[in-house]
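To start, the structure itself, in structure tokens.
The values are calculated or read from the model by the stated rules, or taken from the named source; none is laboratory data. On a predicted model such as this, the values are computed, not experimentally measured, just so you know. So basically every Cβ, Gly included, is an ideal-geometry build from the backbone, and we count neighbours across all protein chains shown. We work out accessible area using only protein heavy atoms, side chains counted, and drop any ligands, DNA or RNA first. Shrake-Rupley method; radii C 1.70, N 1.55, O 1.52, S 1.80 Å.
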Amino acid sequence: MYTSKISGLGYYVPENIVTNDDLSKVMDTNDKWIQERTGIKQRRHIKKGDGNSTSIMGAKAAKIAIERASLTTDDIELIIFATLSPDMYFPGGGVQVQEILQMKTVPALDVRNQCSGFVYAISVADQFIKTGMYKNILVIGSENHSGGLDMTTRGRGVSVIFGDGAGAAVLTRSEKEGSGILSTHLHSEGAHARELSLEGPSTGHWVPEIIEENPQENIPYYPYMNGQFVFKNAVVRFSEVINEGLQANNLTAQDIDMLIPHQANLRISQFIQKKFKLSDDQVFNNIQKYGNTTAASIPIALTEAWEQGNIKEGDLVVLAAFGSGFTWGSAIIKW
């Protein structure tokens, strides 16, 4: 049976840095308030005229990942694109990346699992490779949050958290037993779907209906998050799915060389780190610089950790995510 390994990584973030102090000029907030609750110091936002979009950022990250895998776009046999913020309602971002990179007529698949989107996409890619259907698969997580946030005091509970960016990985077939992606574990709990959601515009909330039926103080086309409820569920599900992955491979927390959690909130990552008794060297966080980039957060963090020499051949790397849906998942990787 084949296994899949990550052969190339890349990320891209817009040049435009938005600090907490910058946000304090447009809403009632401050650096201390944001850092205490989220750990975030700054984030990147697409700036009008900078030529970026969800698909364009994804293509930029993908180009780096493909080059680092010592491949060309002609070697890629499937594109899996994870995002909650596609450039268009349809078609999805995968085919747009295909056009931007001038790739041949390979299949493109979009994954809409928000914060856990990249882990879900990795799991899908892993299955295609293990069955022998494809040899090289491009997996992208990319988000443009800034274009759809309520940048006023009314929306500060959500808007201070999110940033824009993209990360990508190339998964390649391997025949080396006991290495690469050892297992992935996916879950969802739709009962809490509305606790972290964006209801419109959608087929249930088209723009004309929103304008006619909803007062400005209750606009449903901005994201909604029940922060405390999400936090409480996140710390439980993160722990469960990490343990599930470790147990499936007869491993313990002591075997983890690097945990890359979805960068949702630094306080969640710190809680998980303490629970698993991991050192600072065993957990990688960059939410301080980029905010929560949803489907892009894990590939951006994974790439940075690798670039900085924090991930080496033979290391046990654990990816874990939780988010809207609720959906959550983990991937156990022998680097």
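Numerical summary
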| read-out | value |
| --- | --- |
| Residue list for the stretch 286-304, filter: among the polar types (S, T, N, Q), outside any helix (DSSP H, G or I) and either touching a residue at least 60 places away in the same chain (Cβ under 8 Å) or crowded, with 24+ Cβ neighbours inside 10 Å (or both) | Asn292, Thr293 |
| Residue match in the stretch 142-156 (condition: under 21 Å from Lys289 (Cα atoms), touching a His at 6+ places or on another chain (Cβ under 6 Å), open to solvent by less than 60 Å² (accessible area, probe 1.4 Å) and at pLDDT 95 or above) | no |
| The lone exception for Ile79 - which of (1) buried (at least 22 other Cβ atoms within 10 Å of the Cβ); (2) under 21 Å from Tyr222 (Cα atoms) it fails | (2) |
| Which listed residue is in contact with a strand residue (DSSP E or B) (Cβ under 7 Å, 6 or more places away or on another chain), more than 24 Å from Gly291 (Cβ to Cβ) and of a type in the set (Val, Ile, Thr), from Ile100, Ile79 | Ile79 |
| Within the stretch 8-29, tally of residues that are free of Cβ contacts under 8 Å to residues at least 24 places away in the same chain and either outside any helix (DSSP H, G or I) or within 26 Å of Val111 (Cβ to Cβ) (or both) | 2 |
| Where a residue in the stretch 239-260 is among the polar types (S, T, N, Q) and its partner, wherever it lies, is open to solvent by less than 10 Å² (accessible area, probe 1.4 Å) and in a helix (DSSP H, G or I), with Cβ under 8 Å and at least six apart | Ser239/Ile272; Thr252/Leu246 |
| The stretch 102-115 residues that are charged (D, E, K, R), paired with ones that are modelled with pLDDT under 95 (beta carbon under 6 Å, 6 or more apart) | Asp110/Gly92 |
| Given (1) in contact with a strand residue (DSSP E or B) (Cβ under 6 Å, 6 or more places away or on another chain); (2) more than 15 Å from Ile140 (Cβ to Cβ); (3) not hydrophobic (A, V, I, L, M, F, W, C), number of the condition Tyr11 does not satisfy | (2) |
| One residue from Lys5, Lys63, Lys32 being assigned to a helix (DSSP H, G or I), under 27 Å from Val139 (Cα atoms), modelled with pLDDT of 95 or more and open to solvent by 60 Å² or more (accessible area, probe 1.4 Å) | Lys63 |
| Where a residue in the stretch 49-75 is free of Cβ contacts under 8 Å to residues at least 24 places away in the same chain and within 14 Å of Ala166 (Cβ to Cβ) and its partner, wherever it lies, is open to solvent by 60 Å² or more (accessible area, probe 1.4 Å) and not hydroxyl-bearing (Ser, Thr, Tyr), with Cβ under 9 Å and at least six apart | none |
| Test: residue in the stretch 325-335 that is modelled with pLDDT under 95, open to solvent by 10 Å² or more (accessible area, probe 1.4 Å) and in contact with a helix residue (DSSP H, G or I) (Cβ under 7 Å, 6 or more places away or on another chain) | yes |
| Residues located in the stretch 194-230, provided they are modelled with pLDDT of 90 or more, assigned to a helix (DSSP H, G or I) and of a type in the set (A, V, I, L, M) | Val230 |
| Condition check for Ile56: surrounded by fewer than 19 Cβ atoms within 10 Å (Cβ to Cβ), modelled with pLDDT of 95 or more, among the aliphatic types (A, V, I, L, M) and farther than 18 Å from Ile298 by Cα | no |
| One residue from Thr327, Thr294 being among the hydroxyl-bearing types (Ser, Thr, Tyr) and at positive phi | Thr294 |
| The stretch 250-285 - residue that is part of a helix (DSSP H, G or I) and charged (D, E, K, R) and, of those, nearest to Val318 (Cα to Cα) | Asp255 |
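Yes/no per residue for (1) basic (Lys, Arg); (2) farther than 26 Å from Val13 by Cα; (3) out of contact with any Lys or Arg (no Cβ under 9 Å at 6 or more places or on another chain):
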{"residue": "Asn243", "(1), (2), (3)": "no, yes, yes"}
{"residue": "His262", "(1), (2), (3)": "no, no, yes"}
{"residue": "Asn265", "(1), (2), (3)": "no, no, no"}
{"residue": "Gln270", "(1), (2), (3)": "no, no, yes"}
{"residue": "Pro299", "(1), (2), (3)": "no, no, yes"}
{"residue": "Leu302", "(1), (2), (3)": "no, no, yes"}
{"residue": "Glu307", "(1), (2), (3)": "no, no, yes"}
{"residue": "Asn310", "(1), (2), (3)": "no, no, yes"}
{"residue": "Trp335", "(1), (2), (3)": "no, no, no"}
